[in-house]
Amino acid sequence: MVGTQISTGKGLWRFLLIFLFLGLSFGCDRPTKPPVKVSLASTKKSAPILQDQSNQSKPTLRVAISAIISPKETFTLYKDLLNYISRKLNVSVKLVQRETYAEVNNLVKDNELDLAFVCSGAYVGGHDQFGMELLVAPVAYGETVYYSYIIVPAESTAKSLEDLRHKRFAFSDPMSNTGKLAPTFMLAQLGENIDSFFSKTIFTYSHDRSIEMVNNSLVDGAAVDSLIWEYINRKNPALTAHTKIIKKSEPYGIPPVVVPAGLDPTLKENLRDLFLNLNTDTAGKKILAELLIDKFIVVDDHQYDSIRKMQRYGKTCIQSRSTKQ
């Protein structure tokens, strides 16, 4: 779920990707070695207050957007929405940026955020571990679900996930549903695990970076958020032109907007009302159109049970392998 057109400076971007790909120890040479983390942009710990601070009596609303996309684009794409929140609620908004989903979850847990846009997998973890609360969720492309896409370079002969055996593969974030849990579950159903199935693995820490890696044939495949791929495919198709989808997962509950368990009830209701009514005024409709979101609605926690099912399945498989050893 992203906003205005992504501009990456493709020539420089490709050079950086190639440089990092050649210069890093890329992957897992032994089954026990975790995937390498690649950061392609320095993460800003917090962005400036978005609105004028001349009125110091205004309260500050602390907002985080998990690194579904790279940090630089995050601020650009969500700026209009955050400024809209600032105007409507008469608050100053501070965008707090972190590179991983776990870091954002920890901020919610410690009540250092008032509002966060998170991945579905991160929501399930946060809800079950420390009571992270659903506020609203978007309707995108007419649905309240999304998918994991397994993508490969356009010229690849791979037609299924099985065809990527002993290939180089990119995940987004360890807590990502579509970018890590879903492909792990797919392999588990085949009796495989990521440590032995792929020859090399990497964490890119954003779906747009994973798409870029595949688009430039720096990896043989990646698991990405369908919303991100579809958005980029519509807004900047050059960045998906050399990719193709070879597998689409089952539907999962869409990435929600969340709040910490201890948030002031009045503020929580004001935030919920704001999101639910975005599609009822001209400015809100324009913002939604740029984000390719139809509207926001209230959803039930049970919508995310399929993710919990995959998590339980994975734990069972790990325990089974440990018993056999």
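Taken together, the values in this text are just the output of simple stated rules run on the coordinates, not laboratory data. Given the structure is predicted, the values throughout are model-derived calculations rather than measurements. Virtual Cβ from ideal backbone geometry, glycine too; neighbours counted across all protein chains shown.
State the answer as a single residue: which of 166, 214, 190 lies farthest towards the positive end of the charge dipole of region 95-219, with beta carbon charges of +1 for Lys and Arg and -1 for Asp and Glu, about the Cα centre.
Looking along the dipole axis, the top candidate is 166.
Take the alpha carbon atoms of region 68-183, find their radius of gyration, then divide it by 2.2 N^0.38 Å using N residues; give the quotient.
1.28
Using θ = phi - 60° and the Karplus relation 6.51 cos²θ - 1.76 cosθ + 1.60, list the HN-Hα couplings for region 186-197 in order, rounded to whole Hz, with x at every Gly or Pro.
These are the phi-based 3J(HN,Hα) values: 4, 5, 4, 5, 8, x, 10, 9, 5, 5, 9, 6 Hz.
Over the Cα atoms of region 141-210, how large are the radius of gyration and the largest Cα-Cα distance (Dmax), in Å?
Rg, Dmax (Cα atoms, Å): 12.4, 38.
Going down the table (235/286; 159/309; 58/94; 79/295), which pairs top 21 Å between alpha carbons?
159/309
Compute the FRET efficiency between residue 76 and residue 264 as 1/(1 + (r/R0)^6), taking r as their Cβ-Cβ distance and R0 = 22 Å, and round to the nearest 0.05.
Step by step, r from the Cβ atoms, then E = 0.15.
Sticking with the crude label model, points 7 Å out along Cα→Cβ, report the distance from residue 159 to residue 308 in nm, one decimal please.
The answer from the label model is 3.9 nm.
How large is the Kirkwood hydrodynamic radius of region 240-302, counting all unique pairs of alpha carbons, in Å?
Computed over Cα pairs of region 240-302, the Kirkwood hydrodynamic radius comes out at 14.6 Å.
Taking the Cβ of each residue in 84, 123 as the centre, tally the other Cβ atoms inside 10 Å and list the residues starting with the fewest.
Lowest count first: 84, 123.
Principal axis lengths of region 103-155 from Cα atoms, whole Å, largest first?
46, 25, 18
Could you calculate the contour length gain from residue 199 to residue 128, that is, 0.36 nm times the residue separation minus the distance between their Cα atoms, to one decimal place in nm?
22.2 nm
What base-10 log of the normalised intensity I(q)/I(0) is obtained for region 191-251 from the Debye formula, alpha carbons as equal point scatterers, at q = 0.20, 0.29 Å⁻¹?
Log10 of I(q)/I(0), two decimals: -0.81, -1.36.
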